[in-house]
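Structure first, then comments.
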Amino acid sequence: HYTEELKQTGKYELTIWPYHSMLGGIGHALVSSVEEAIFFHTIAKYSQPHIHVKGDNPLTEHYSVLGPEVKSGPDGKPIGLRTQSLFQKSTQSEEILHELRAFDAIVIAGQAKSHCVAWTISDLLDGVMKVDESLVEKIYLLEDCTSPVVIPGIVDYTEEADMAFERFESAGMHVVRSTEPIVNWPGLD
């Protein structure tokens, strides 16, 4: 049932991953320089960060921060739900959309470009297009701050990752590099 659901939704084939990024472990923690930047921004802008933990359901893979890969079991009962509803009418989603509208830029980076980053951006794009297409132009993808899953001689998701980023750029998102000054990014005149 699970692999058939993945196929129907256009997701990757089931992959059994070695343990990584275990909750509470060093691989799950923010890189110290990123944590420091978040802390500095919090103090400088009086802005509380929104940290979202994903992947706490052992019955479904959770590449996207916004939802699991498979949402129901063979009996039709839910095994995973969307983590955060940006796209349904509710007080919480209106608050989040208000925040997104208030930002000049939404910058996305992380690992892996082919999996967690790509599926999160894809879910975000789908949702944003349903509620406010103009938000797409505020999204900036840091091309050099992500990389695809590559296991030499076994699997290489570089092509899939690049195709996903091309789709996001075609939809109106901006693919930029961290070495470019933000003031030079398109749309941030």
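The values are calculated or read from the model by the stated rules, or taken from the named source; none is laboratory data. Model, not experiment: these values are computed from the prediction. Heads up, the Cβs are rebuilt from the backbone with ideal geometry, glycines too, and the neighbour counts pull from every protein chain shown. Only protein heavy atoms, including side chains, enter the accessible area calculation; ligands, DNA and RNA are left aside. Shrake-Rupley method; radii C 1.70, N 1.55, O 1.52, S 1.80 Å.
Tell me, yes or no, whether region 175-185 has at least one residue that is part of a loop (DSSP other than H, G, I, E, B) and within 26 Å of Glu61 (Cα to Cα). The answer is no, given that none of the residues of region 175-185 is part of a loop (DSSP other than H, G, I, E, B) and within 26 Å of Glu61 (Cα to Cα). Consider region 124-178 and keep the residues that are in contact with an Asp or Glu (Cβ under 6 Å, 6 or more places away or on another chain) and either over 25 Å from Leu14 (Cβ atoms) or of a type in the set (S, T, N, Q) (or both). The one that is modelled with the lowest pLDDT is Ser178. Among the candidates Ala171, Ala112, the residue that is small (Gly, Ala, Ser), without any contact (Cβ under 8 Å) to a residue 60 or more places away in the chain and closer than 23 Å to Val31 by Cβ is uniquely Ala112. In region 5-43, of all residues being among the polar types (S, T, N, Q) and within 30 Å of Ser72 (Cβ to Cβ), the one that is surrounded by the most Cβ atoms within 10 Å (Cβ to Cβ) corresponds to Ser21. Selection of first residues in region 118-133 that are in contact (Cβ under 8 Å) with a residue 40 or more places away in the chain and open to solvent by 10 Å² or more (accessible area, probe 1.4 Å) and of second residues that are outside any helix (DSSP H, G or I) and of a type in the set (Asp, Glu), restricted to Cβ pairs under 9 Å at least 6 apart or on distinct chains, gives the following pairs, ordered by first then second residue: Trp119/Glu69.
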